[in-house]
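Below is one structure, written out as structure tokens; comments come after it.
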Amino acid sequence: LQSLTLVTAAAYTLGLYLIYLLGIRLTGKISVSFYALAACVLIHPLIEYPWANYIAFPFLVLGLFLLVAAPARLVPGFLGGVSFGLAILSREGLAPAVMTLIFAMVVADLIRPTGQRWPAVFRGLILLAGSFLPIGLFFIYLLHHDLLSYWYDLSITLPRIYVTESFPYMGGVRLLNRFIRWIAEGFISLDPRRVLLLISLLVNALVVVLYLLGRQREIVRRE
């Protein structure tokens, strides 16, 4: 149990460090990167127990870092996809989020005023190819050892039963309403974590709008 906790803490720490590096790569300012790191630590300062989310965390951030560091290059894009695939293998429930991220990235590049169609689609395909590589190798391993049905019951059927019994509000509009109510209640009561999370969501929404308008250079460092 102690070794599992140590590995989980190391993965979470690595993810936080990558957040710091990602901030530097995006803005070129150590102060802004420190604010991003401090916000993550304040929202979630310590691991609660060994959990797959912590293991997947550094893979997710590494994938984002590779995309930001070299958005138009083949190898970093492919490796970013591989990192996303490893995140999904660490936590299967992240698959919809990762696929939505890739799809949204392609769509955002296409609808921007300065967007170019084929480079955006090509980058999305490279990401998908990288993501499917570790997942494909994992399923080959399952098929080779006749473990596919066991994996399905353990990773799909059992969690579905658990969610249905313990979290009946999960999914769709009910989950969104519950989240909005949770944020609103925290803001009214001045809960520091929820206020910080709300600020983070609003800032990210602003960044998305500026990106879609082709004005992202106003929020990131100039090359």
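The values are calculated or read from the model by the stated rules, or taken from the named source; none is laboratory data. What you see is a predicted model, and the numbers here were worked out from it, not measured in a lab. FYI the Cβ positions are ideal-geometry reconstructions off the backbone, even for glycines, and counts take in every protein chain you see. Surface areas here come from the heavy atoms of the whole protein model, side chains and all, with no ligands, DNA or RNA. Shrake-Rupley method; radii C 1.70, N 1.55, O 1.52, S 1.80 Å.
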Within region 52-103, restricting to residues that are open to solvent by 20 Å² or more (accessible area, probe 1.4 Å) and polar (S, T, N, Q), the one that is modelled with the lowest pLDDT is T100
Select the helices (runs of 4 or more DSSP H) contained entirely in region 10-126, then report the ones holding at least 2 residues which are over 13 Å from the mean Cα position of the chain (by Cα), of a type in the set (S, T, Y) and farther than 27 Å from S155 by Cβ. 30-43
Mind counting the residues in region 1-23 that are surrounded by 14 or more Cβ atoms within 10 Å (Cβ to Cβ) and modelled with pLDDT under 90? 1
Residue in region 209-223 that is nearest to R25 (Cα to Cα), counting only those that are open to solvent by 80 Å² or more (accessible area, probe 1.4 Å) and at pLDDT 60 or above: R215
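So which residues in region 177-195 are of a type in the set (A, V, I, L, M, F, W, C) and open to solvent by 100 Å² or more (accessible area, probe 1.4 Å)? First the steps, then the outcome.
As a first pass, look at region 177-195 and keep what is of a type in the set (A, V, I, L, M, F, W, C): 179-180, 182-184, 187-188, 190, 195.
Hits for region 177-195 are W182, F187, I188, L190.
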I'd like the full set of residues that are modelled with pLDDT under 80 and under 28 Å from L110 (Cα atoms), limited to region 174-206. L176
Is at least one residue of region 4-21 among the polar types (S, T, N, Q) and touching a Gly at 6+ places or on another chain (Cβ under 9 Å)? no
Which number in (1) surrounded by fewer than 16 Cβ atoms within 10 Å (Cβ to Cβ); (2) in contact (Cβ under 8 Å) with a residue 24 or more places away in the chain; (3) hydrophobic (A, V, I, L, M, F, W, C); (4) touching a helix residue (DSSP H, G or I) at 6+ places or on another chain (Cβ under 7 Å) marks the one condition that I30 misses? (2)
Please enumerate the residues belonging to region 24-55 that are among the small types (G, A, S) and under 22 Å from L94 (Cβ atoms). A36, A39, A52
